[in-house]
Every structure is written in structure tokens, then in C-alpha cells.
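**Q** Supplied in C-alpha cells, the structure appears directly below.
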4 protein chains.
Amino acid sequence: ELGAFVGNIDKIEPDYFRPFLFENGLMPSTWIVIRLDGCHFHRFCKIHEFEKPNDEKALNLMNSCAAALMEEFHDIIFSYGVSDEFSFVLKKDSQFYQRQASKILSVVVSFFSSVYVMKWKDFLPHRELKYPPCFDGRAVCYPSSEILRDYLAWRQVDCHINNQYNTCFWMLVKSGKSKREAQDYLKGTQAREKNELLAQQFGIDYNALPIIFRQGSSVFRVQEEKANGYGNGASVEKLNTRVVVEHCNIIEKHFWKEHPGILDESL
Amino acid sequence: ELGAFVGNIDKIEPDYFRPFLFENGLMPSTWIVIRLDGCHFHRFCKIHEFEKPNDEKALNLMNSCAAALMEEFHDIIFSYGVSDEFSFVLKKDSQFYQRQASKILSVVVSFFSSVYVMKWKDFLPHRELKYPPCFDGRAVCYPSSEILRDYLAWRQVDCHINNQYNTCFWMLVKSGKSKREAQDYLKGTQAREKNELLAQQFGIDYNALPIIFRQGSSVFRVQEEKANGYGNGASVEKLNTRVVVEHCNIIEKHFWKEHPGILDESL
Amino acid sequence: ELGAFVGNIDKIEPDYFRPFLFENGLMPSTWIVIRLDGCHFHRFCKIHEFEKPNDEKALNLMNSCAAALMEEFHDIIFSYGVSDEFSFVLKKDSQFYQRQASKILSVVVSFFSSVYVMKWKDFLPHRELKYPPCFDGRAVCYPSSEILRDYLAWRQVDCHINNQYNTCFWMLVKSGKSKREAQDYLKGTQAREKNELLAQQFGIDYNALPIIFRQGSSVFRVQEEKANGYGNGASVEKLNTRVVVEHCNIIEKHFWKEHPGILDESL
Amino acid sequence: ELGAFVGNIDKIEPDYFRPFLFENGLMPSTWIVIRLDGCHFHRFCKIHEFEKPNDEKALNLMNSCAAALMEEFHDIIFSYGVSDEFSFVLKKDSQFYQRQASKILSVVVSFFSSVYVMKWKDFLPHRELKYPPCFDGRAVCYPSSEILRDYLAWRQVDCHINNQYNTCFWMLVKSGKSKREAQDYLKGTQAREKNELLAQQFGIDYNALPIIFRQGSSVFRVQEEKANGYGNGASVEKLNTRVVVEHCNIIEKHFWKEHPGILDESL
């Protein structure tokens, strides 16, 4: 039996892989974004009884996975998540896996999926994970920090629009309307009208809803001074880097000015 | 606060995604192979105390994940696994995710990772999963079934060569040699010499080692007649499709002739 | 002045090219087709007073360029041309420019353009070439000879459909209709109706029109026995390879069976 | 005969092209460079008896083709040429052919080749064009104007290094050395040594050689005020745009500051 193996070794092409490989070098000196979305999460949320319109525990699980990813892969400098979606930004000159799209994409998606399952019981302790969650992903490159910020702003605007719609929709459903009726009711309404609906019909001040629902979650590193125990001013201060999850406006320039280190192109 | 959002909506490009997307259509009418490898599994095996040279329980976990993948994604028609590596073959005319490389790659890798964590305790009940496992992946296309079979044969030859080497290496280490000494000892030895070393020094008949170590694992569907309970021959027989894990020679044509349905190009 | 140069040499990245290069490996073991089309040839034909619906001299110039290309680049095994379009088929295992799309595409298009200008006066001696002709091109890969033949058949069907339409259109225009009227007249007519129009209104038997107009032009190599001058049968016969231009049905299998060497995959 | 055609029309896939097309979208908001090189120009120069080390007439022909290209394709904003090589820079937000690499590449190469043949007799009137010249091309994208300028600087440094070497080499050959001897003689020499060789052995001041040889050729547009003939200040002044060929230092920032319109990213 072994003979057959050995006899065949010589016949085998030494490189039957690379020439057939899907080519995938991401352009140097551009911002790589890996965008990850839950697959069929409509069904996943239903079967796992996620709260509607937003399940804060499930969102915190997503954020915790993103933070773990940033602890593991230092080239990811910023992440933005909303609902079952997360965007991971790699630094512009990252050489992570020599910028091969398939490698970067697969390790991000694989690690995120593993952590999601491992941390499930920490965030949703009383709910059994009934089947394996699955995320799909894609790689995008942005040639300038302006376009990158536009992309992130677009995701946050989307978060707002979807959240406003979903809040109205589920309030209508909880108040007795069918899903179809709720849908028809909202068709064509403007942002202002939706806010009025929430205020007048349900006594909800949209702007008072938890900020995580309205602005999504930004995950990034901050540096903090390490207490050094010495009373006199001559101490050598060291900086600690910590990954934080915040819910802030990333559309306005303000955020980026306050955190110049994130997209610092001079580094 | 909302005002800022709404004011910005109009400024946002409606399609800030597609033009920057890493392009990824896989050629129609070709065999797509998604190849998945454990990331830094050298360390992962060590920390989780996998048996050397092969940990049968860990291999069975891998195989079980592959089988689960094939239950989930029907376009995968054959899988071959060895060590921490698995190759998944999609049917030639698959339209799974419109043949977009990034989507197919990411869902395969994500689902596999989730299942691996979920099933861990079933296969390795007394060992704690200490950190999230991670797999990277790549997509390859083969234009003909001949080249596809050559690829799979190459993987199985590799399985054999690596297993033979690893078996020798770990026997030498277990017998008291340092890893460096074992490596030097084996440098340049031929297949026959390695087999003689195992036989003479350690009393091991290489060909009697478990076939899962020597031939890797093939995962595929078989159809079986459903028992129908009627005594008379006029019963309507239905076919059940079942995913099986086997350890067989896929280098020789014999296997493919016995399972003509797997690569059947006439379908 | 030189000093500035020399001082800068060291600062320059040695490889400021490859990482930014548009990636372009064409899949091994597939049929590469380079398809070339005249740019803005509507205007080019008008300014150079090409006969309508077909200018046989201009078609012969195109064919002559294709033949010259096949004399120059031996990896091109078949070409099919119609109107201002030509498709060049490279052999399946061609290693021409290591199968880099941009190199193959550019040399084919460049050589064709050069020859077109050089040969212009031979085919259209009494018409001045008033401005540089320009052709665009694209690369396509086909994984099997069946799909390749389907592509070529599609081009020949297109040739027929366009020629039939154009013949009707220009006969109507020459008979006094405006272009708009001719267009409206033909809208929605079937093949049979167009043939009847030609026969009844203009006394033209479509099938009697020059075959180059109806079937386009196929350019390929034929082998012919070299006359060897010796009367006795013991002579050593040598084969000469010659590029020929023919106007034949390449939709039916007949052509490919009569010329088995063209797509011979066993070579 | 027609029957066979018509009968087949329905069987033909309506879109047997796009799915198999070599994918080729160039990233938006990046500088596209089409780089063109003469194919086998060593032989082409020899057969057409180009002067060595530089044939000024042949260089002027190249420059004239580049200028014609810029007159034709307005998205090309800068070109740099040396020897048988030319780089064409498209503006960052060009939508030329929807940024499809193969279309842009092929029309640039095709047009250049056509013009080269058409203008040959104007620049080299006493030399017959003996066979069709051929150029290959590639597409590169640069995400920032800094990297684009680095690329162009690299080409100009290369021009200088090659010219200095070639000037020495051909002076040695003309003085009686064989090509091999000249090569050996120059191996490992520094820039300064080559200049000394030229000065001392051949009485040549390198920096006094024609600037077109030392700095290559830059082709770009300049705007000039149109004389309007009216003496009083109330005249409407119009700007004329003109393509110019200059031989200037594009390594230093000076050039780009003097011509801010070329790479103006604010437009």
C-alpha cells in the first residue's frame, strides 16, 4: 500500500497550489477594512430569543469579540460595530500576512467566530447556543483617511436610520399591529415623523434611548499614564495601552481630533 | 445631536463600498477549493497537550467539523483533511454566494471555527479550551477534475510523508533524543530507511499504524437505500444521503471510480 | 545638477512597482481569449469612407493583421474576426509572458495596431489614413474547450445577425429611406422576414452574399506536405505549417473534427 | 445553411463573456499609471540603425507619440519617457473607461503603436520601417501623490544611471573595445568614476550632454494667455491649453511647485 504512495510522489507537481490561487494582494499604503456580517442572523436572533429592537447583551458580546480581536491583532487600529455587523480597520502600512486579502479576511472571521462561541455563556448565561453562528466577511481598501472616515460615517448614519426605524417598528408590533401593518405604517416616513411617533404614541424620547443603540460601538486603543508610586516629580512615567469600547459620534471631525493617534498618518 | 446625523445623511455617498471592494469572482465552471489551515497550531497543540505525533481525538474533532460543514453547505461535495488542515471542494457549477471568493471563504472558515469550539467538549471532554482557535483560509480554482484530483493526491502524499517523518521524530524524542538530535538523525533519510528505523529500533510496523494517521480523512456523501418495511419486492425504495468520514486512498483512480457521483461532471 | 540625482538614488525604493501592479495572472490550463474591438469605428468607417454594410477591403486588412499576429505569436492557435472585432485564442497551456493578462493583452493589441497602419496602403491604396486607428482589448479565460467553442459560436451567430440586419438597413437607406425610418422599419422583424424583405424588395438572395460577410473570418494554421521532388516512394516528407484565412461554419462540430489539431488537448 | 445558424441562436448563452472576463477594476481615487515598454527593442534599434547610446530622432518620435496621446486622451495629465519606455499618469479621479484596467491599458498601447508607425517617416524619413514595432504595457495604481512622485523620481534616476552607463559603454566600444571588454571595464564603477572616465579618456563633460539624454522627457499641459488684440484692459482673456515636451528635473519638488495644476488634488 505504501508502495503506491511512494511511487506517486515523483509524479506530483511540487507546486499545485500557487498558480491556481485566487490572487489577493491588497494595495500597499491603503487602509484595509475587513467588514464582517452575521449570516442569516434574522433567524439566529429569533431562535436565540434576542430582545427587539436591540439586545444589549448580544451587542456587548459582539463588542467583546471585537475587543479580543484587537488585543490579538495589533494591526487593527479601530473597529466599528452595529447590530450583527463589525468593520475592522487595519493601519495603512500594515504588513499583516503581507496584505493578502484571503489570509487577513479568514483569520479575522475565524478568530471572531471562535471568541463569539467561547464568550457566549459569559454574556447570555441563561440561553443555550443552539447552533453554530456564522459570519461572512469582505475586504475593502481605502486610499485616503478622508474616504475611510466617510465609510465609517456611512455605517454610523446607517446605524441611526436602522435603529430609528426598528424602534418604531417593534413598538408598533408590541402595541398590537402585525409586522405587515407596522411596515406599511412606516413606509415613507421621515426621521422627524418617526421621532414624533415615538414621542406622541409611546412616550419615548428617541434621544434618551441608550447611546449604544443610537451610535453603535467604536472600539479602539487609548494610552493612559501608569501610576508609578513615586511621590516626587522625577519619576519615569510609562504609558499603558488599553482597548476601550465607546459609543460616540464618529461622523464629526471632533472624535478624530481628540484621538489623533488612531489614523495618524505621520507614524 | 440627531440633527447632525440627519444633516449628514445626504452628504454620504450611497455606494461607498462596492467600488473599493477587493474583487473576487471565481471563474465559472471550475472546481473551487477552500483550503483551511490552523494558525499557530504548533503552539495550540502544545498548550492543549495534543498527543504526538497524532492526537486521534483532535483529528476526530476536525473531521466532525468538516462533516457538519457538509451538512450545512450542500455545494461542498468532498473534503479532505490531515493534521490541522482541511480542503473543501465545491461542485464545479456551484453558484454559492455567486462564486464570490471572500463570501465563500469567510463563511466556510467562520462556520468551521464556531463548530470547532462548540464540539470541543464532546471530543476532548477533560481538556479545557484555553484560548480561541483560529484558522486561515484561501480559495483555489481548478479548471479540470484531473487537476483537482492531482491537488487532492498531493495533499494525501504530503500526509503520508509528514506522518512518516513525525512518527520517527517523536519516537526518537520519546526514546531520549533531543528535538535537535532527532531532526539531525532524520535529515536526508529516504522513506524506506524511515520504515526500517521504525521497525528495527522501535518495533513499529508503519503500515499497521491507524489508517487515519497514514491516509488522512475523506469526507463525502453516500446514498443508501432506505429500508422500507414492506416484504414484497414492489416497494418504492427511497435513497437517503449521508455524510461519511473515511480513510481511503484517493490518489488511485479506484476511489473515484467507486464513487462516480462525487465529481460527476455530467450532472 | 548630477549631485542631486546621485544624492537621491539611495532614497528611492528599489521596488516601487510590483506591489502596486494591477494583479493579472490568468488561470493555468485554461483557454485564454484576447478580444479586440475597434474604438469609435463608427466614426473611423465614415471618415475613411468604408463601404456599407461591409467593406471587403477593410475586412481583408483586418484578416491580414490577424494572420501576421499568428505568424509572430505562435501561442495563438485560432482567431475569429467579424467587422472591427477579432478574438485570438491562445493554447490552453500557453506560458506566453507567464500568462500575465496585461502583457499578453498589450502586445497583441500593440502589434495588431502597428500592422494595421503599416498594411493600410496595401489594402486601401487610394484612401489616405487620416488619423491613428485604435483598438481596445480584453482578456477572457475559458476552462474547457466546450465553453470556448460556445464563445466562438456566439460570435459567429452575432456576425450573422448583425450582417443580416445591416444588409437590410443599408439597402433601405440606399433606396431612399432615412436612417431613422430604416431602423423603425426593421424593429422587431424576424430572421425569415428580413430574408424575405431582401428577396422581394431588393432581389437579394441573402445566402448568395459573399461568405466573408455571412460567416466572418477564421484564421488558423494548416499543415501541408512539402513536395519533395523524389519520384520514388522512399522520400522523407516534411510538413509545412501555413496560416490560412477561411470563411467557414465554426458553430457546427464538423469544422473542429476536420481540424483536430487546433484545440487538441492531448498535445 | 442559414437554418443551422438560426436553429443555434437559441442555444447560445446570452452572456458568455462577462463571467469569464479577467476582472480589472482599478481602485477609485488612486493615480493610475500606464507604463509602456518597447518589446525586443534591442533588436528593433539594431535593425533600424538607431544611434548609440541615444538616438535623438527616435526619442523625439516617442515624445511626439506621447504628446499625441495626451491630445487624444484628456485624462492623462503627465507623461514621462526615457529610451523605449513611457509612463502615462491618469488623474486621480479619472472615470476613463470606468477605470477598467484592460480597456485603459489597451487603448493607450494601441493608440501609441498606431501613432508610432504613422509618424515614423516624419522623424526618421530616410529609414524604412522594416517590421511592426510592438509595445507591452502594465497598469499600476498609486494611492497618494507622494508615492506617485517617488515612482516618477525612480524612473528619472534610472534614466540617469542607464544613460551614464550607456554613454561610457558605447564610447569604450567606439574606441575599439569589444562589448564584453567594455562591460567588464565598467563593472562595479561608481557614478563619479564613470564621469571621470568620460572626461579624462574621451574629453566628454557628462553634464554638457544633451539634457534629453540625461533627464528624459516630461510631457504635460501648460496654460497660456491668449493674446486678444484689444489694447484696453476690458478684454476677456482666454486661456489656451497646450501640450509641451520638456526635459526637467522631476525628482525635486521644485518642478511640482512650479506646475501646481498637474497633480492638483483639490480639483
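**Q** Within the range D:133-150, work out how many residues are facing another protein chain (nearest Cβ under 8 Å) and in contact with a helix residue (DSSP H, G or I) (Cβ under 8 Å, 6 or more places away or on another chain).
**A** Of the residues in the range D:133-150, 11 are facing another protein chain (nearest Cβ under 8 Å) and in contact with a helix residue (DSSP H, G or I) (Cβ under 8 Å, 6 or more places away or on another chain).
**Q** Kindly provide the set of residues from the range C:204-217 that are over 17 Å from C:Asn162 (Cβ atoms) and touching a strand residue (DSSP E or B) at 6+ places or on another chain (Cβ under 9 Å), ordered by number.
**A** none
**Q** Follow-up question, since we're still on this one. Looking at B:Ala67 and the list (1) more than 30 Å from B:Tyr206 (Cα to Cα); (2) surrounded by fewer than 22 Cβ atoms within 10 Å (Cβ to Cβ); (3) more than 8 Å from chain A (Cβ to nearest Cβ), which single condition is not satisfied?
**A** The number of the failed condition is (1).
**Q** Then there's this: Please note which strands (runs of 3 or more DSSP E) are completely contained in the range A:13-108 and include at least 3 residues that are over 30 Å from D:Tyr142 (Cα atoms) and under 10 Å from the mean Cα position of the chain (by Cα). Steps first, answer last, please.
**A** Values: elements: A:31-38, A:76-82, A:85-90.
Counting at least 3 such residues, we get no strands (runs of 3 or more DSSP E) at all.
**Q** Which of the numbered conditions does A:Val222 fail, given that it passes all the others? Conditions: (1) open to solvent by less than 50 Å² (accessible area, probe 1.4 Å); (2) in contact with a strand residue (DSSP E or B) (Cβ under 9 Å, 6 or more places away or on another chain); (3) within 12 Å of chain B (Cβ to nearest Cβ).
**A** For A:Val222, the exception is condition (3).
**Q** Looking only at the range D:79-132, filter to residues that are among the aromatic types (Phe, Trp, Tyr), buried (at least 24 other Cβ atoms within 10 Å of the Cβ) and touching a residue at least 60 places away in the same chain (Cβ under 8 Å); which one of those is nearest to the other protein chains (Cβ to nearest Cβ)?
**A** Taking the candidates together, the pick is D:Phe112.
**Q** Next question, about the same structure. Any chance the range B:35-43 includes a residue that's in contact with a strand residue (DSSP E or B) (Cβ under 7 Å, 6 or more places away or on another chain) and either open to solvent by less than 10 Å² (accessible area, probe 1.4 Å) or of a type in the set (A, V, I, L, M, F, W, C) (or both)?
**A** Within the range B:35-43, one or more residues are in contact with a strand residue (DSSP E or B) (Cβ under 7 Å, 6 or more places away or on another chain) and either open to solvent by less than 10 Å² (accessible area, probe 1.4 Å) or of a type in the set (A, V, I, L, M, F, W, C) (or both).
**Q** Follow-up question, since we're still on this one. If I filter the range C:214-229 for residues that are at pLDDT 95 or above and in a helix (DSSP H, G or I), do I get at least one hit?
**A** Yes - at least one qualifying residue is present in the range C:214-229.
**Q** Filter the range D:192-219 down to the residues that are open to solvent by 30 Å² or more (accessible area, probe 1.4 Å) and of a type in the set (A, V, I, L, M, F, W, C), then identify the one that is nearest to the chain's Cα centre (by Cα).
**A** If we take residues in the range D:192-219 being open to solvent by 30 Å² or more (accessible area, probe 1.4 Å) and of a type in the set (A, V, I, L, M, F, W, C), then D:Phe213 is nearest to the chain's Cα centre (by Cα).
**Q** Here is a further query. When you look at D:Lys57, is it of a type in the set (Lys, Arg), open to solvent by 20 Å² or more (accessible area, probe 1.4 Å) and at pLDDT 95 or above, yes or no?
**A** yes
**Q** Spot the failing condition for A:Lys187; the list is (1) open to solvent by less than 50 Å² (accessible area, probe 1.4 Å); (2) modelled with pLDDT under 95, and only one is missed.
**A** The one condition A:Lys187 does not meet is (1).
**Q** Still on this model: Are there any pairs, at least 6 apart or on different chains, whose C-beta atoms fall under 8 Å, with the first in the range A:202-218 and of a type in the set (Asp, Glu) and the second open to solvent by less than 30 Å² (accessible area, probe 1.4 Å), and if so, which?
**A** Hits for this filter: A:Asp205/A:Leu198.
**Q** Further question on the same structure: Kindly indicate which of D:Arg138, D:Arg149 is among the basic types (Lys, Arg), under 26 Å from D:Asp264 (Cα atoms) and part of a strand (DSSP E or B).
**A** None of the other options fit; the residue is D:Arg138.
**Q** Looking only at the range D:141-172, filter to residues that are at pLDDT below 95 and among the β-branched types (Val, Ile, Thr); which one of those is most open to solvent (accessible area, probe 1.4 Å)?
**A** D:Ile161
**Q** Turning to a different aspect of this structure: Of the residues A:Gln164, A:Gln183, which single one is more than 14 Å from every other protein chain (Cβ to nearest Cβ) and closer than 24 Å to A:Glu85 by Cβ?
**A** Testing whether each residue is more than 14 Å from every other protein chain (Cβ to nearest Cβ) and closer than 24 Å to A:Glu85 by Cβ leaves just A:Gln183.
The values are calculated or read from the model by the stated rules, or taken from the named source; none is laboratory data. Remember, it's a predicted structure, so these values are computed and weren't measured experimentally. Reconstructed Cβ throughout: ideal geometry from the backbone, glycine too, with neighbour counts over all protein chains shown. For accessibility, only protein heavy atoms count, side chains too; no ligands or nucleic acids. Shrake-Rupley method; radii C 1.70, N 1.55, O 1.52, S 1.80 Å.
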